[in-house]
Amino acid sequence: MTAGDVIADFAPAETECTSSDPSVAWVDQSGALNALKAGTATVTVPSEEGAAEYTVTVEGYSDGTPVMGNLKILARYNDNMQFYDGHVYLLFTSYQDGVTINVPDLYAGYEISDTYYKDINEDIANGSNHTGKDADKYFTFNKDMKSVTLDRGEIVTIGMYRDFDLSVPQAALGSIKNSSLWTELVKSGKSGIIETIFRMLDTGEMKFDIALEKIKAVLDEAGMDYTQLLDGVVDGGVCFNRELYNQKLEWDQYENVAYEMDITEKQLNVMQMYLGGNLNKFSILKNSCATVALRAWNAAVGTTDGEPNAYYLESTGEGIFALVDAPKTVRDGIVNRLPGYYLNNAEGVAEPDAGFQDDTGWVYVSAPEKVSPVAYHFADGKFSFDGNKTKMADLINAAKGDQKVYYNKDEQAIDVTVNWSAEDDVDGKTTINSIDFDVNGTKLTLGADHAPEDGIWFTTQVTDPVEGQDYYVVDANGKALASEYADGTLSFHAPTLPVTFKIVGSSEGAQNLLKTVIKGADSSIETFVYTLEDKQRRKLASLDEVEKGAKVYIETRFDDDDHLLSDITVNGESIFNDAHYDDQELAYFFIMPAKYTVLNISLATAEYEEIAKSIYQMAVGESVDVTQFIKLMVGGVEAPADQIESNFWTTKGCLEKNGNVYTAVKEGSELVRVSAVGNERVGSVFAIQVFADRDDMVKITYDEESEANPTILFRYDERWRYTSFSDYLVPKGSEVQVTTDVPEGKAILTMSANDSTIWPNESFHVNEDTNIDIKLADAAIENMPKEIKLSKKGDTYQLNAKSEYTGVYKLVPMYDSNIEYSSSDDILSVDQNGLITVVGEVPEDGAVAYIMARDVSSATNTSANTRVVIGDYKGDKVVGRLTIHARRIAQSELMAHASVTFTTYEDLDLDASYYEYYRPNDKYNDLMLDYEENPDKYPSDPALYNMDELGLEYRTSYFDVTKNGAYSDPAPISLVAGETITVSNYGFDSTNMTAVCKALKDSTLYKNSKECQALVYEMEQYINSGEDYDGSTTFDALAATLMQIYQISRQTGLNPADGASEGGLCIDRELYNQFRRNDTQFPNNYYTVEITADELAALKAYLANPNNNHYSFMAKNCSTGSVDMWNAVLSDKPELQLKGNMTGVATDPQSLYFDIGSLTEKDLTEDLPGHGGSDFYPRSVRYSEAVKDVIDKINAIGTVELTPESKAKIDAARDAFDHLNEVQQERVWNVDKLIAAEEAYHELEIAADKAAYEAYQKELV
């Protein structure tokens, strides 16, 4: 395990498990195994059958960033106190120089003088008590303090405080008076009673628990909700170093319960981000010292990937303690959840190695001994430490014994000199007896009595190596030491001192040694070399001793779809064959010889190409070798067929398998996976259909590349089915129908089957091989003006549309039923004669609508729009930006996502029918605005922290969530200029697979197909089995079932995608998920375009329509809703329309991801409106005053003229823009206008200069 890991259900709940070292690992009352720090512990789990013992090895935590220091959480409380008494705070000790902790909303702080650290170290050295009343020489109060910068060994305490001038009862009363309940109390006449209770509290006439009962009784009598008291606050906030100041004055001198751990740079940043939230108000019930310390601790170390880990603390209790975070509950949480805590009072357990502990029980922390040294060097260059594996600090700690090593702040650096006590034997062996250290003048010796827990790693260079020979290290008894190789350097491990070793060449008769070399390794590939000892795996090191005759196994696990195991050799001979493959272990193996042995494991990149169709058809008695279905490339070279394997995905008994050859034995269909040997992810699944007799079948062919995109259905035995491709075999006598998805702007001229005319959707029968031929012509609707203008109610306009085909001119009479008209807005009507009438009241600011004319004959798909401007309308004004984005997830994972984001350029009110609205509140808006104005205060954009950096429950408080449900009435939404909303349709079933089942069971296909019903039942049985049913394993298992369901759909023509499940249209859920980062995201493809007031009207209409507020996994999912919205808003821009449906079944994120990417590529050559890219993440923040000022100045430029006034406007806008920081500049949406204006003015200057020169030349002539 890794420190922080939790294994749930390790033992039955309430089992009395024991641990040999609970500070390393222990089992809590829920039965979960918790790993706390590096080390080894024996955990015993009792049961009726007898106790089971487990050896638990815990590795230290690492997130790839350096360790920055030590964090303690300290809670003090005496059970005789009031509930609000005591204190909880954090103490951070820096291990590095120049570590800054920044809290923008810090309430106050105490700056620490250098004298404090100097006197602290002197007091530790002479054992004196240094507390007293002289705090002022050590601390300077700073009300405006916002950050602290620490050097190595320096400390800061972090705690929440109320206004320093308020007593606890005064603060509590102030909180109640500021709560939402106080006005009601005043109206009810009960406020005077409450104030009297608090006066008695303040004078000590009444205890707090009695006061709370009386307050509760008053509220109950008035019929008021007690919890409304919790939202009141008073002045106060987070302070730096007030605990040290109080300690120096000998205040609050009683027992602390403390727990400490080292934290990384990333964890420190997370803590800062939590503290940087809006914490500058104090509430004794809601935002106290316990609340802030607890949540900051959980932010930094108590969560992993957004989930509680072994260090997570909760504040729980009974009575009043069930309602509030209190020092008592935090103290109890530390004691109950963190074995290895300590009491830093005189009678308790002293804090280990933390500094001086005086008579009062306080521990004064000076330089931590875990500080990494700044500099060290070796007196003997023959050997050195392997610094990657043995830290100098660990060596010094082991060497010091009872001595003390102190940090000298004035000297800054720790300089370590290392001398070796070594002797060489005549047979080439070297013995290191001890290591002497000089640490800033302090003499330390590391020898047999003191050693690091994990031993020491040394490095040395082989002298005069022989080319082609391996070298290794043996101890005094000839036993190989664990070692590694790099560039001719040996790195070897000594468990303790003294150590005697010898460097040996492989040619010197080495036996029982196995060296493993892995070539072409990748981070996503795990290779295990192991032996079995008592049926347990023993993983082998890169150089390890293996007994002669032992069976050595090689297992490679692939988590990607582009690598393969290409060869395994033992002393140059390949074992990459069936003879050396163990079917039980699923691993290759060899028998260890009695000599030095080199194992080479070679990995290679791999890719495949599908050569066969996704469906293969054959008759009973026929056979097929499925290796011909794919082309496999390994290391860029085509691989032979013996590197391809196959397996059944379904087993219905239609096929018999012999290797990779499948023979049809009865009618039906099977699914077969064909993939590379050793990695089934490098491959694909194929359907094999079996029919009785090939002579009873006929072939239907058509041009698969044709724009007509025909869909061919055939019916035999009363069921309609689809042909999936050209050359598809169907039974003789089948009834056939041909439909075609005629592209926009095209019409069918001819359609034939074996040169005989056929008609769309009309049946004919096939008794021989049949070729379907469809010829198209260009088509357009003429006489539809691009735009017309109407002024008032009652105005009319007559349209006279006609269709035109290439080579044929067809005049469509005005009353011809082939032309169908429709209006986009109720303000206009249009009859089927083409007469447009303004029937609605014309708004003061005008309106716009669209009239569509469509040729509705079955032979064409042709339409045209006329834009109708009504009244004084300024619909071409740019008012915002619309972005569609989709992400795909890794191979074999089910979840992906798509959504649409709208950013408004001006204040906006709209109505929306939504399922849920995750509205960012003032805490979010203030944080985002502060980041925009002061980006240097933040390590990165606070809207984009990933799970490793945050994943905290407190972040939910930055959003106010409203749930209206599916198909709900529209509700008002207000946006301020610059703010963003994200929109997507979400499902809220327990899992994605549950949503699939619900949608399928509500579909037309399910209701009319017993075969589909049986398959859905199989899916539900699998889901109910309790498997991890949203992971890749379940995806592989259920994908086969889904493929069968889609095959039924293609064969029957019944819709599998029209069913619904719980969910609907959600607003700003992407912002919410992204902010909390419980939503693992691969890069988004996005496309963004500025929209006009016309297009905004279409967006408003879409959001206000309750029919868009529901969820179906296939018919109205995140992708379908995003595409529907995007296309509706941009209906006037056909070049930007999207489909996102590569499967032909439903719009999906993966397809949309590629469609958006294609649109981005198309923009590079065709200069489309807008632009696209990747890595888009939405964020919402209203424009700051500085940004708004620049936007307004750019808009004020107007028409560019060669005048001083025009130049002054351009210069003013440029100057204001240049004074913005980079984050603010990105927010100026109209900066292109500024650049265009500057270029236009420059062109005018050039033209003026040219004209003046030409006039001058003319005058000279």
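Here are a few things to note about the model shown:
- The range 654-686 - residue that is closer than 28 Å to Glu555 by Cα and without any contact (Cβ under 8 Å) to a residue 40 or more places away in the chain and, of those, surrounded by the fewest Cβ atoms within 10 Å (Cβ to Cβ): Asn658
- Note on the range 1162-1253: enclosed helices (runs of 4 or more DSSP H) holding 1 or more residues that are at pLDDT below 90 are 1185-1195, 1222-1226.
Every residue, every condition in (1) crowded, with 16+ Cβ neighbours inside 10 Å; (2) modelled with pLDDT under 85; (3) of a type in the set (Phe, Trp, Tyr); (4) under 21 Å from the mean Cα position of the chain (by Cα), yes or no:
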{"position": "Asp909", "(1), (2), (3), (4)": "no, no, no, no"}
{"position": "Asp941", "(1), (2), (3), (4)": "no, yes, no, yes"}
{"position": "Gly951", "(1), (2), (3), (4)": "yes, yes, no, yes"}
{"position": "Tyr958", "(1), (2), (3), (4)": "yes, yes, yes, yes"}
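- All conditions in (1) within 25 Å of the chain's Cα centre (by Cα); (2) more than 28 Å from Glu1222 (Cα to Cα); (3) surrounded by 22 or more Cβ atoms within 10 Å (Cβ to Cβ) hold for Leu1130, with the sole exception of (1).
- Any chance Val499 is closer than 30 Å to Thr463 by Cα, in the same structural domain as Asp427 (by TED's automatic domain parsing) and in contact with a Phe, Trp or Tyr (Cβ under 9 Å, 6 or more places away or on another chain): yes
- Scanning the range 732-748 for residues that are assigned to a strand (DSSP E or B) and surrounded by fewer than 17 Cβ atoms within 10 Å (Cβ to Cβ) turns up Glu735, Thr739.
- Taken across the range 26-42, residues that are crowded, with 19+ Cβ neighbours inside 10 Å and of a type in the set (Val, Ile, Thr) do occur, with at least one present.
- If you go through the range 749-785 and keep only what is closer than 25 Å to Ser1131 by Cβ and part of a loop (DSSP other than H, G, I, E, B), you end up with Asn783, Met784, Pro785.
- Selected residue (criterion: surrounded by the most Cβ atoms within 10 Å (Cβ to Cβ)) from residues of the range 1147-1176 that are among the hydrophobic types (A, V, I, L, M, F, W, C) and under 14 Å from Asn1085 (Cα atoms): Leu1152
- Listed conditions (1) in a loop (DSSP other than H, G, I, E, B); (2) more than 35 Å from the chain's Cα centre (by Cα) are all met by Thr650, apart from (2).
- Matching strands (runs of 3 or more DSSP E) fully within the range 529-605 where at least 3 residues are under 14 Å from Ile518 (Cβ atoms): 551-558, 563-570
- Members of the range 1-31 that are in contact with a Cys (Cβ under 7 Å, 6 or more places away or on another chain) and either farther than 15 Å from Glu53 by Cβ or assigned to a loop (DSSP other than H, G, I, E, B) (or both): Ala11
- Asn865 in contact with a Lys or Arg (Cβ under 9 Å, 6 or more places away or on another chain), modelled with pLDDT under 80 and assigned to a strand (DSSP E or B): no
- Qualifying residue in the range 624-633 (condition: under 37 Å from the mean Cα position of the chain (by Cα) and not in a strand (DSSP E or B)): yes
- The residue of the range 1077-1094 that is modelled with the lowest pLDDT, among those that are in contact with a Ser or Thr (Cβ under 9 Å, 6 or more places away or on another chain) and surrounded by fewer than 22 Cβ atoms within 10 Å (Cβ to Cβ), is Pro1083.
- Residues of the range 832-846 satisfying the condition of being in contact (Cβ under 8 Å) with a residue 40 or more places away in the chain and part of a loop (DSSP other than H, G, I, E, B): Val839, Gly840, Glu841, Val842
- When Glu762 is tested against (1) surrounded by 13 or more Cβ atoms within 10 Å (Cβ to Cβ); (2) without any contact (Cβ under 8 Å) to a residue 40 or more places away in the chain, exactly one condition is not met: (1).
- All positions within the range 687-723 that are crowded, with 16+ Cβ neighbours inside 10 Å, of a type in the set (Ser, Thr, Tyr) and not in a strand (DSSP E or B): Thr723
- Scanning the range 31-46 for residues that are hydroxyl-bearing (Ser, Thr, Tyr) and without any contact (Cβ under 8 Å) to a residue 24 or more places away in the chain, we see that the one that is nearest to Thr15 (Cα to Cα) is Thr42.
- Qualifying residue in the range 1029-1036 (condition: assigned to a loop (DSSP other than H, G, I, E, B), modelled with pLDDT under 80, of a type in the set (D, E, K, R) and farther than 24 Å from Asp1124 by Cα): yes
- The range 249-260, residues that are crowded, with 23+ Cβ neighbours inside 10 Å and either modelled with pLDDT under 75 or not in a strand (DSSP E or B) (or both): Asn256
The values are calculated or read from the model by the stated rules, or taken from the named source; none is laboratory data. Not measured: the values here are computed from a predicted model. Ideal geometry is used to build each Cβ from the backbone, glycine not excepted, and the neighbour counts take in all protein chains shown.
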